[in-house]
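What follows is one structure encoded as structure tokens, with my remarks underneath.
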Amino acid sequence: MNKSIIAAVVIAAFALPGVALAQTKSTPRIDQRQEKQEQRIEQGVKSGALNKKEAARLEKGQDRVQKMEDKAMTDGKVTRKEKARIEHAQDVESKRIARQKHDKQKAK
């Protein structure tokens, strides 16, 4: 076997776990906020502040934000501009959660 092929395989074996780790660690603030907003939705369902339809709509919004993050991560790095767009989308979803939890509708 060629030494350069062996070297490439060894480098790839060590580089891949680092890339996977970088992808999971580059947006901890966004990930924590996503988790917190999911918990807010679950709590709203449990308390009756959100009905099933409202919760489904809010979950769909959370999914949209997650897709934005996933798309930003495709190149392995989330830029400041991408982070700002994702955080803005999270702001919008957070306001929607608050609005739906505090409206006059109750779960049946």
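Exactly one residue among 104, 67 is modelled with pLDDT of 95 or more and surrounded by fewer than 18 Cβ atoms within 10 Å (Cβ to Cβ), and that residue is 67. A single entry from 95, 60, 104, 108 fulfils the requirement of being without any contact (Cβ under 8 Å) to a residue 24 or more places away in the chain, under 26 Å from residue 46 (Cα atoms) and in a loop (DSSP other than H, G, I, E, B): 104.
The values are calculated or read from the model by the stated rules, or taken from the named source; none is laboratory data. Keep in mind the model is a prediction, meaning the values are calculated, not measured. We place every Cβ from the backbone using ideal geometry, glycine too, and count neighbours over all the protein chains shown.
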